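First up is the structure itself, then whatever we jot down about it.
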Amino acid sequence: MTDPAKDPAAFIRAQTAPGHAVLVPEIALYLASEITPIWQASEAWLGAQGIEPPFWAFAWPGSQAMARLILDEPGRVAGRRVLDFAAGCGLAAIAAACAGAASVEAAEIDPLAIAAIAVNAALNGATVATLAGDVVGTAGRWDLILAGDVCYEAPMTAHILPWLRGLAAAGAEVWIADPGRAYLPQDGLSPIARYDVPTTRELEDREHRRVTIARLLESGMR
C-alpha cells in the first residue's frame, strides 16, 4: 500500500476513482465508491494506518449545493477572493475557480484532504491554493467565504461561528450550506437558495438531503 505520509497524492489516486458528484457533473473528482479500497476499509483499518475518517473522499451535500449555485450563477463569485473553508474534496473551491474567481483558497485540517484538493483541482485544470491547518482566527483577506456542511457537531459550531460572524461584520460575504444538521444556528441567516441533493444510505440516513444555502449575518439577530 502507498504510504499516505510519503506520497499523499498517490494514496488518493490508489484509494479512490475518478467520478462526478450527482448534482455537479461538470467537475471531475477522485471519490470513494463501492469498488474503491477506501470505501471498503473498516474504521479499524483506517486507525491502524493512522488515517482520519476520509471525509475528503466524498462530495457532501453542502458542497454539491454550493458548487451548483456557483456554476449556475458565476456572477456571484467572478472577480472575488474566495475561501472554501473546511473544503473536504475541494468541490466548491474548484467551482469558484471555474466560475472566474480572482483567487481561490481551500482550507482543511486533514493533510490528506489538502492533497485531495490539489489532486482534484489539477484534474479540472483549476487554480486553487491550499491552506493546511486550522485557519479559525485568521484575519480576513477574502470577499466570500464558503462553508459547506460545517454545523454537524456542537464543538465545531462553537469554534467556527464567532470567527465567521466576525468576518461578516468586517464586510465579507459568508455562505453556509447546510443539509439539516442539528447544530445550525437558528437565527442570523438569510437564505439564498435551496437544493435537493441525492445521497446514499452509506453516508446519510436518507436518499436525499434538502440543502439550504444562506448568507451568515454579522450577528445572531435578523
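All of the numbers you see were taken from the coordinates with simple rules; none came from a lab. These numbers were taken from a predicted model, which means no experiment stands behind them. Here the Cβ is made from the backbone with ideal geometry for all residues, glycine too, and neighbour counts use every protein chain on show.
Miscellaneous remarks
- A Gaussian network model of the chain, with springs between Cα atoms under 10 Å, assigns the largest mean-square fluctuation among P37, P54, P155 to P155.
- Seen against the Cα atoms of the chain and their longest principal axis, helix 154-169 is set at about 50 degrees.
- Low-density loop positions, GluC sites (Glu not before Pro), the range 8-102 - DSSP coil, at most 15 other Cβ in 10 Å: E34
- Around A99: net Lys/Arg minus Asp/Glu count, Cβ-Cβ under 10 Å: 0
- Estimated purely from DSSP H runs of n ≥ 4, each contributing -39500 (n - 2.57), the mean residue ellipticity at 222 nm for the chain is -8500 deg cm²/dmol once divided by its residues.
- Share of alpha-carbon pairs per 5 Å distance bin for the range 90-222, given as whole %: 2, 10, 17, 21, 22, 18, 8, 2, 0
- Cα-centred dipole magnitude for the chain, charges only on beta-carbon of K, R (+1) and D, E (-1), debye, nearest 20: 520 debye
- Springs between Cα atoms under 10 Å define the GNM used for the chain, and in it the highest mean-square fluctuation of A139, A129, A147 occurs at A139.
- Net +/- balance of residues flanking A121 in space, Cβ distance below 13 Å, scoring K and R +1, D and E -1: -3
- Normalised by 2.2 N^0.38 Å, where N is the number of residues, the C-alpha radius of gyration of the chain stands at 0.96.
- Report note on the peptides 112-124, 172-184, 79-91: ranked by the mean count of other C-beta atoms within 10 Å, highest first, their order is 79-91, 112-124, 172-184.
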